[in-house]
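Peer 1: Shown below is the structure under consideration.
What follows is calculated from the coordinates using simple rules that are stated; it is not laboratory data. Remember, predicted model here, so these are calculated numbers, not experimental data. When we count neighbours, we look across all protein chains shown, and the Cβ atoms used for this are built from the backbone with ideal geometry, even at glycine.
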Amino acid sequence: MSGGVDSAVAAARAVDAGHEVVGVHLALSRGASAAGEPAPARARGCCTVEDAGDARRAADVLGIPFYVWDLSERFAVDVVEDFTAEYAAGRTPNPCVRCNERVKFAALLDRALALGFDALATGHYARLEPDPDGGPPALHRARDAAKDQSYVLAVLPPHRLARALLPLGDVAAKADVRAEAAARGLAVADKPDSHDICFVPGGDARAWLRERVPAQPGLVRAEDGEVLGEHDGAAGFTVGQRRGLKVGRPAADGRPRYVLEVQVATGDVTVGPVERLDRTLVRGSAPTWAGPAPAPGARLGAQLRAHGAEVACEVTGVDPFEVRLEVPVRGVAPGQTLALYDGTRVVGSATISSSR
């Protein structure tokens, strides 16, 4: 129970379904807000002391036991340190994917199972469809496409999904969840959604990274190698970025420039016109399959960002992982997650290693 409306209603629905439910809030930060002091100005997250209080009050309304579990050390290593290291290496990670994979559906679920619980129920917007042959359930997109979160869960292996409950997958719209929360007397009914990176105060990831990644000054170059300017550190730049580029003069045609490539080893940041961001071939590493890996030639759907549109693709390799997109996608960055779909069903995922 994060302290938001979705997990509160998910817990309520689990109670209605007849389960013996225990609410658990994760303490993921040991900063001021986690210690009970006033939270600093920051992005709206899901792990402050105020959130813990909201979760506790929701559990009281539902009449279920409630605990706060300290997983801050695991979060620091598997999410925060991973985020920093990936940017330092010139890649663009998704910390929400890492948190769901390594904290919520690994550390939290493992602890729950060790204590004798059967499953972990969350407020994610995604559906689990049972396997008629008794195997692990299949992960599908949520009924509410605008709120679908199957992308951040696509990294979960089948044995994790087999221990998950997603009570909100069939909700038609987020407004229905808020209305249900209000009808149940849950004070979080009108609470704003969490967004941005929960551990980055103010949401300024580049400034946050500058304090933690050793400065590696370098050059901003055009694709032909011409030096256009300098920067004070390659870490924090991401493919597709436009703001923050310090170039000495505008392009000859007056068009804006975007980051095309980040070379941390040399310190070079290559920039160019927006159309040079178009990618049709994407390679990945460490794929996770929901079942048998698709055969080369399989035609599926690919999603490359948490809020990106699905694009038709052809699988051209599974070892190594490779897909060809039917239409170009802009701003594909190494370190991002690519999720594959067959209709609404998640087929698997991989971490993007390169594209062209």
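Peer 1: Under a Cβ-only charge scheme (Lys and Arg +1, Asp and Glu -1), can you give me the dipole magnitude of segment 212-286 about the Cα centre, in debye to the nearest 20?
Peer 2: Working: 11 positive and 10 negative charges, 62 e Å.
That gives a dipole near 300 debye.
Peer 1: For Leu120, what charge total do you get from the other residues with a beta carbon under 11 Å from its beta carbon, if Lys and Arg give +1 and Asp and Glu give -1? Please report the intermediate quantities before stating the final value.
Peer 2: Details: positive: Lys104, Arg111, Arg160, Arg163; negative: Asp110, Asp118.
That works out to +2.
Peer 1: Taking the Cα atoms only, what angle lies between the long axis of helix 49-62 and the longest principal axis of the chain, rounded to 10 degrees?
Peer 2: 30
Peer 1: I've got another one for you. Over segment 214-272, what portion of Cα pair distances is larger than 12 Å, expressed as a whole percent?
Peer 2: 60
Peer 1: For segment 5-203, what percent of Cα pairs sit more than 26 Å apart?
Peer 2: So the portion of pairs separated by more than 26 Å is 32 percent.
Peer 1: Fewest first, what order do Thr84, Thr266 take by the number of other Cβ atoms within 10 Å? Provide the component values of the computation, followed by the final result.
Peer 2: Details: Thr84 16, Thr266 12.
Ascending number of Cβ neighbours within 10 Å: Thr266, Thr84.
Peer 1: What is the extension gain from Ala119 to Lys246, computed as 0.36 nm multiplied by their sequence separation minus the C-alpha to C-alpha distance, in nm to one decimal?
Peer 2: Taking Ala119 through Lys246 to full extension adds about 40.6 nm, to one decimal.
Peer 1: Amide H neighbours of Ala27 under 5 Å, at least 5 residues apart or on other chains, H built in the peptide plane: list them.
Peer 2: Trp69, Asp70, Leu71
Peer 1: Once you put a point 7 Å from the Cα of Ala309 and another 7 Å from the Cα of Thr266, both along the Cβ direction, what distance in nm separates them?
Peer 2: 3.5
Peer 1: Follow-up. Quick check on the chain: helices-only [θ] at 222 nm, where DSSP H runs of length 4 and up contribute -39,500 (n - 2.57) each and the sum goes over total residues. Nearest 500, please.
Peer 2: Computed mean residue ellipticity for the chain: -5000 deg cm²/dmol.
Peer 1: For Ala295 and Arg184 in one chain, what is 0.36 nm times their gap in residues minus the Cα-Cα distance, to one decimal in nm?
Peer 2: Details: separation 111, 0.36 × 111 = 39.96 nm, distance 4.78 nm.
The span from Ala295 to Arg184 would gain 35.2 nm if fully extended.
Peer 1: So what is the relative contact order of the chain, in percent, for Cα pairs below 8 Å that sit 6 or more residues apart?
Peer 2: So the answer I get is 16 percent.
Peer 1: Using amide H atoms built 1.01 Å from N in the peptide plane, name the residues 5+ places from Glu322, or on other chains, whose amide H lies under 5 Å from its own.
Peer 2: Residues meeting the criterion, in which the H sits 1.01 Å from N, are Gly284, Thr316, Gly317.
Peer 1: Once phi is turned into θ = phi - 60°, what whole-Hz ³J(HN,Hα) does the Karplus curve with 6.51, -1.76 and 1.60 give for every residue of segment 77-93, x standing for Gly and Pro?
Peer 2: 7, 7, 10, 5, 5, 4, 4, 5, 5, 5, 5, 4, 8, x, 10, 10, x
Peer 1: Let me ask another. Mind checking which lysines have their C-alpha under 18 Å from Lys174, skipping anything on the same chain fewer than 8 residues away?
Peer 2: Correct list for Lys174: Lys147, Lys191.
Peer 1: Shape call for segment 203-356 from the C-alpha gyration tensor, a ≥ b ≥ c root eigenvalues: rounded (a/c under 1.5), prolate (a/b greater than b/c) or oblate?
Peer 2: prolate
Peer 1: Related question: What is the projected area of the convex hull of the Cα atoms of the chain, averaged over all directions, in nm²?
Peer 2: 19.3
Peer 1: For the chain, give the magnitude of the charge dipole about the Cα centre (Cβ charges: +1 Lys/Arg, -1 Asp/Glu; no others), in debye to the nearest 20.
Peer 2: Values: 41 positive and 46 negative charges, 113 e Å.
Result for the chain is approximately 540 debye, rounded to the nearest 20.
Peer 1: I'd like the Karplus ³J(HN,Hα) series for segment 346-354: coefficients 6.51, -1.76, 1.60, θ = phi - 60°, whole numbers in Hz, and an x wherever there's a Gly or Pro.
Peer 2: 6, 8, x, 8, 7, 8, 5, 9, 6
Peer 1: Follow-up question, since we're still on this one. Grab every C-alpha pair in segment 178-290, bin the distances at 5 angstrom width from 0 up to the longest one, and report whole percents.
Peer 2: Bins of 5 Å from zero give 2, 10, 15, 15, 12, 13, 9, 7, 6, 5, 4, 2, 0 percent of pairs.
Peer 1: Moving on. Mean 1/r over all different Cα pairs, inverted: what Kirkwood radius does segment 276-355 give, in Å?
Peer 2: Values: mean 1/r = 0.0825 Å⁻¹.
Kirkwood radius, segment 276-355: 12.1 Å.
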